[in-house]
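The values are calculated or read from the model by the stated rules, or taken from the named source; none is laboratory data. Remember, it's a predicted structure, so these values are computed and weren't measured experimentally. Here Cβ is always computed from backbone atoms with ideal geometry, including for glycine, and neighbour counts include all displayed protein chains.
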Amino acid sequence: MSHTALEHVLRKAGAGTLALVAALGLGFAAAPQALAQSKQVIRISTPAVPDDWHAKMWTVFKENLEKSAPGEFDVQIHLNAALFKQGTEPAAMARGNLEMSAISAQDISKLVPEFSIFTAGYIIRDPDHQQKVFNGPIGEEVFKPVVQKLEVTPLATAYLGTRQVMLREDRSVKTPADLKGVKLRMPASKEWLFLGEALGATPMPLAYGEVYLALQTGTIDGQDNPLPSVRAAKFYEVSKTIVLTGHLVDAIFLSYSTKAFNALKPEQQKKVRVAAEAAARYNNANRIKDEAELIDFFKAQGLKIVTPDVAAFRKSVQEKYLASEMAKTWPKGLLERLNAVR
């Protein structure tokens, strides 16, 4: 039937029928347009609390993406582990139940044993070294099995903090030998306890929430944490010495579900990656600034700040790791390559 003939039939059928068909026609015409305007949902899960730079960086990610890809993404940020518990995010991303999160080296090494090198002491020297390692050829190399085995794609590396040793008594510490007999609280896992022992101390597993009282009563002689965590938990109130060992420069990796990432258009992938990199830079700059300012804060609280022989600590700790079972999973020559990055 021709278009003119159809109009004639509709006019004879009445205005109501004509209006109905017109409405249906508009609906069919609008459908492709509505589909084109639908947004790609990005659910983000993080255990970070709102005031943490690790929480604020996700807002930077969202704002960056809204500018570079307006109307293309619906970024949903879930803080305080409200969506997934800490440590469960990689599995959720692999299953397709979550698009993004920041995962740790400890998370990765569960399925990629060779990645455990980044959980060891004195592997990464400082935040600058960290960024050069993970943003260079080594990073490209070590992330490949992460994509394959975890089914998540790391996009950017965020600085988590540098762990320092804090002691409840006034003590001069220059080398690992000076920590002999010191009961040092460590998280309760074999990897963390090994690190405490490698530092020269006697590691004691203890829940984070029990550290303050344990320092106060002398159940432990010290603990190790990044300085922002020390301030937040007020450990400085029951301690007298901070030893700037800098024994673990930690990172978290802003990552995307590989399945979901591969479903994006190439130009969208690029925009997401750029937004993640901007978020990491924001976090890194602010966290480094915080750590630098905290030295003066702790001095003002009356704490003694000790700068030890870090080279002696690094040499001793790396030797202990190289003689361990853990090091057998590390790719041959990787430690030397990491040490050579400048």
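If you go through the stretch 289-301 and keep only what is assigned to a helix (DSSP H, G or I) and under 21 Å from Thr241 (Cα atoms), you end up with Asp290, Glu291, Ala292, Glu293, Leu294, Ile295, Asp296, Phe297, Phe298, Lys299, Ala300. Scanning the stretch 198-227 for residues that are modelled with pLDDT of 95 or more, over 19 Å from Lys304 (Cβ atoms) and assigned to a strand (DSSP E or B) gives Thr202, Pro203, Met204. Scan the stretch 134-161 for residues that are of a type in the set (D, E, K, R) and on the phi < 0 side of the Ramachandran plot and jot them down. Correct list: Glu140, Glu141, Lys144, Lys149. Within the stretch 82-104, being in contact with a strand residue (DSSP E or B) (Cβ under 7 Å, 6 or more places away or on another chain), in a loop (DSSP other than H, G, I, E, B) and closer than 15 Å to Ala263 by Cβ holds for Gly96, Leu98, Glu99.
Just give me the residues in the stretch 166-205 being surrounded by fewer than 16 Cβ atoms within 10 Å (Cβ to Cβ) and among the basic types (Lys, Arg), in sequence order. Within the stretch 166-205, Lys174, Lys180, Lys190 meet the criteria. Would you please name the residue that is surrounded by the fewest Cβ atoms within 10 Å (Cβ to Cβ), looking only at residues in the stretch 267-320 that are more than 21 Å from Ile123 (Cα to Cα) and among the aromatic types (Phe, Trp, Tyr)? Out of the qualifying residues, it is Phe297. Looking only at residues of the stretch 105-127 that are of a type outside the set (Lys, Arg) and in a loop (DSSP other than H, G, I, E, B), we find that the one that is surrounded by the fewest Cβ atoms within 10 Å (Cβ to Cβ) is Asp126. Checked against the criterion of being in a helix (DSSP H, G or I), charged (D, E, K, R) and under 26 Å from the mean Cα position of the chain (by Cα), the stretch 308-331 has at least one qualifying residue.
Is it the case that Leu184 is assigned to a helix (DSSP H, G or I) and either at pLDDT 95 or above or not hydrophobic (A, V, I, L, M, F, W, C) (or both)?
On the way: assigned to a helix (DSSP H, G or I): no; either at pLDDT 95 or above or not hydrophobic (A, V, I, L, M, F, W, C) (or both): yes.
In short, no.
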